[in-house]
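Inspection log for the structure reproduced underneath, given as structure tokens.
The numbers here are math on the coordinates, done by the rules we state, and not lab data. Just so you know, these numbers come straight off a predicted model, no measurement behind them. Here the Cβ positions follow ideal geometry from the backbone for every residue, glycine too, while neighbour counts run over all protein chains shown.
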Amino acid sequence: MADLGVIGLGSTIRGDDGIGVTLIQELKTRKLPENVELYDAGTSGMNILHHLKDFDRVIIVDAIRREGEAGDWTFFHPEDVTGSTEMRSTHDANLLEALELSEILGERPEEVVIMGVIPADLSLSEELSPTLQDRLPELIEALMHKVRELA
């Protein structure tokens, strides 16, 4: 069992919606602490439900709708979301519901951190928008920093 799970959500055929999966793929090419496990959950937040029990801490990476500029990112805890419209996934991921259910089942990790990235383009495309492509090195570094911090 890994202490830290890094889980990417998103659809790689909807442009920037795939940023979570893209960042997981990028991390697979880097040297990570031994206690870190990476997981691509696709577009369904419910897919992560039973994987959560395998970790003490989790970072979930997803594209989110919120105020700000495309390419901006933030780290937050699920408890920080006060309303359904404040920060929402760009797909029907049911992420917060999955986290609530994992708590009811006694499977929620001690710490859950979400890295939310604001997308520029969610149209059908297997490529990230130029905006997110330009910000990719910064996003990778921010995620790597958080991984090292929590590992």
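By the count of other C-beta atoms within 10 Å, a proxy for reagent exposure, Ser123, Ser102 are ordered fewest to most as Ser123, Ser102.
Ranked by how many other Cβ atoms sit within 10 Å of their own Cβ, fewest first, the residues Lys146, Lys31, Lys53 fall in the order Lys31, Lys53, Lys146.
With helices as the sole contributors, the chain gives -8500 deg cm²/dmol at 222 nm; each DSSP H run of n ≥ 4 counts as -39500 (n - 2.57), and the sum is divided by every residue.
Under the criterion of Cα pairs below 8 Å and six or more residues apart, the relative contact order for the chain equals 34 percent. Note that region 1-71 shows a convex hull volume over its alpha carbon atoms of 98 Å³ per residue.
The separation of region 109-150 from region 14-62, counted between C-alpha centres, amounts to 11 Å.
Of all beta bridges that DSSP places with both ends in region 4-150, some 25 percent have antiparallel geometry. Check each of the GluC sites (Glu not before Pro) in region 1-85 and keep only those in coil by DSSP with at most 10 other C-beta atoms within 10 angstrom; list them in order. Loop-located and lightly packed - Glu34, Glu67, Glu69. Arg65 label point, 7 Å along Cα→Cβ, cut-off 14 Å on backbone N: hits in region 5-21? Counting only backbone N, you get 17. Along its three principal directions, the equivalent ellipsoid of region 4-150 from the Cα gyration tensor extends over semi-axes of 22, 18, 13 Å, largest first. Sorted fewest first by neighbouring Cβ atoms within 10 angstrom, Val61, Val81 come out as Val81, Val61.
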